[in-house]
Structure formats: C-alpha cells, structure tokens
Amino acid sequence: MSKACVVSFLSVMLWTVCVQAGFEEGLKADLRGDYASALQQWRPLAEQGLSAAQVNYGNLFFHGKGVKQDYVEARKWFLLAASQGNSLAQGKLASMYATGEGVPQDYTEALKWYRLAATQGLPAAQLNLGNMYSNGEGIPRDYVEGMKWRRLAADQGLPEAQGKVGAMYFLGEAVPQDYVQAHMWFNLAAAGGEKDAAKFLEYAARHMTAAQIAEAQRLAREWKAKVK
C-alpha cells in the first residue's frame, strides 16, 4: 500500500472514530436532558449526512427539546435521513403525514413511508401499516394485509401489535375465529405492558373451556421460549 493510500485510510478511520464519539456524546447528553449539548454534537454530523444524527437532530425540533418546536425543521431532517433509507426517519415521516402533525394529513404519503420502513423490519411501522389496511385509511380496507403486517410486528414482540392480532383472532377478521389464539396473543400483550390486553384476556377466557385456556397458556410459554 502506498504512503498516500495509508494516509487516506488512516484519515477515514480517524473520521469514523470522531463521528462515533460525537454521536454517542449526543446520546448521553440527550439521556440526561442536556439538549443544548445534544444539538451541538448532532448538528455537524447531521450536516455531514449521518442519517442517525439527522433523525435524532430532527427529533429535538419535533419535540421542542433545547429549541423551539419546529415541525418544518424536523421534517427537513427526517426527510434527509429517510431518503438515505433510514427506517426510523421513514417511520417518523409516515407518522407526521398519518396524523397531520406539522404537515397536511396525507394518507398516501403516510402509506408510502410506512411501507418503506415496514419492509425494513421496523415493528412500529409494520403495526401502523397494518392498522391503515385494517381501518381502510387511504386505501381500501383489507383485513388480510392488516393481519400480515400486524403479525410481523407481533412476532417481533411489539405488545400493541400482539394485542391487535389477538383482537383479530377474537373477532375472526382475516382469520377464522379462534379464542385459543386470541387468548395467547392477549396474554403476550399483557405481559409486555399493553394497557388494555389484560381486560381482553379476561373477556376471551369467558368464552373458553379450562382445556382451551391451558392450551393458550402453553402456546404463550412456547412463544416466549422461542424468542429468547
């Protein structure tokens, strides 16, 4: 390797180390509530094109942490990161368009960005995409697609998605009505802290025999063991 190549390689390595250190310092500052320092650490990295810094920097503007709340500025940074394929940024943009928070509500844009994030495996995006299909928001109602995306998020352990999957089994939406499966998913959701899941778990149990409840509990234990 030539001297010029060595110098170039070392420069890249040094830059990478500095970027990583700056990003982590920003995270530490954010966690302790020192948003001014987080802004100081993340801004140059965001301007240099680091998508993770762009997401976090935009998030500070979105929530008004250390700066005046500014949805326009937040969207700007989310869009820059999302355009690089950052799934968190894609999910943020989708949420803004779905709720009309800081931008005109636009289900078409929301679906586009949720789908991009969901196909990369972001559980929250998978759940929200599934919800849009199941609710018919900006797209014809499609319970099969709704279950598909909700189930992907549930399989990753997202409690809210597990509760939604449980409800679909309980009501027989896109799948045959199955109280055992409903109980299993409500059980998992409740264990994960989903606030309404315990109530639905109890309600499902009223429609079940003792043997069915035992089977649902066994399935829940097996699911937990599988994902550990």
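The values are calculated or read from the model by the stated rules, or taken from the named source; none is laboratory data. From a predicted model like this one, the values you see are computed outputs, not experimental measurements. No Cβ is skipped: glycine too gets one built from the backbone with ideal geometry, and neighbour counts run over all protein chains shown. Note: accessible area is taken over every heavy atom of the protein model, side chains too, but ligands, DNA and RNA are not part of it. Shrake-Rupley method; radii C 1.70, N 1.55, O 1.52, S 1.80 Å.
Here is the P(r) of the stretch 17-148: all C-alpha pair distances, binned every 5 Å from 0, give 2, 12, 19, 20, 17, 13, 8, 5, 3, 0 in whole percents. Can you tell me the FRET efficiency between Glu47 and Gln69 if r is taken as the Cβ-Cβ distance and R0 is 22 Å, rounded to the nearest 0.05? FRET efficiency, Glu47 to Gln69: 0.60. Computed from backbone phi with θ = phi - 60° and the Karplus coefficients 6.51, -1.76 and 1.60, the 3J(HN,Hα) list for the stretch 67-76 is 9, 5, 4, 8, 5, 5, 5, 4, 4, 4 Hz; x is used for glycine and proline. Heavy-atom surface analysis with a 1.4 Å probe gives the stretch 124-163 a carbon and sulfur content of 49 percent of its accessible area. Here the simple spin-label model places points 7 Å from the Cα toward Cβ, and for Glu222 and Arg206 these points are separated by 2.9 nm. Working from label points 7 Å from Cα in the Cα-to-Cβ sense, the Glu101 to Ala36 distance is 2.7 nm.
Computed from phi, the 3J(HN,Hα) profile of the stretch 96-110 under the Karplus parametrisation 6.51, -1.76, 1.60 (θ = phi - 60°) reads 4, 6, 5, 9, x, 8, x, 9, x, 4, 8, 5, 5, 5, 4 Hz, with x in place of Gly and Pro. Angle of helix 159-171 to the longest C-alpha principal axis of the chain, folded into 0 to 90 degrees and rounded to 10: 30°.
Taking Cα atoms only, the orientation of helix 179-191 departs from the longest principal axis of the chain by about 40 degrees. A simple charge model with +1 on the Cβ of Lys and Arg, -1 on the Cβ of Asp and Glu and nothing else charged puts the dipole of the stretch 78-228 at about 440 debye relative to its Cα centre. Note on the stretch 31-97: the C-alpha convex hull projects to 4.0 nm² when averaged across all orientations. With all protein chains kept in place, the per residue accessible area of the stretch 155-196 amounts to 42 square angstrom at a probe of 1.4 angstrom. The peptide list 178-191, 98-111, put in order of mean Cβ contacts within 10 Å with the highest first, becomes 178-191, 98-111. 3J(HN,Hα) couplings calculated from phi for the stretch 135-151 with the Karplus curve 6.51 cos²θ - 1.76 cosθ + 1.60 (θ = phi - 60°) are, in sequence order, 8, x, 8, x, 7, x, 4, 8, 5, 5, 5, x, 5, 3, 6, 5, 5 Hz; Gly and Pro show x. For the chain, the longest principal axis of the Cα atoms and the long axis of helix 3-31 meet at an angle of about 50 degrees. Counting only residues at least eight positions apart within a chain, or on another chain, the lysines with an alpha carbon under 18 Å from that of Lys199 are Lys164. Applying a DSSP loop filter and a limit of 15 other Cβ atoms within 10 Å to the trypsin sites (Lys or Arg not before Pro) in the stretch 124-176 leaves Arg141.
Sorting the segments 39-48, 127-136, 112-121 by their mean number of nearby beta carbons within 10 angstrom, highest to lowest, gives 127-136, 112-121, 39-48. Each principal axis of the Cα atoms in the stretch 95-228 has its own extent, and those three values, largest first, are 50, 30, 22 angstrom.
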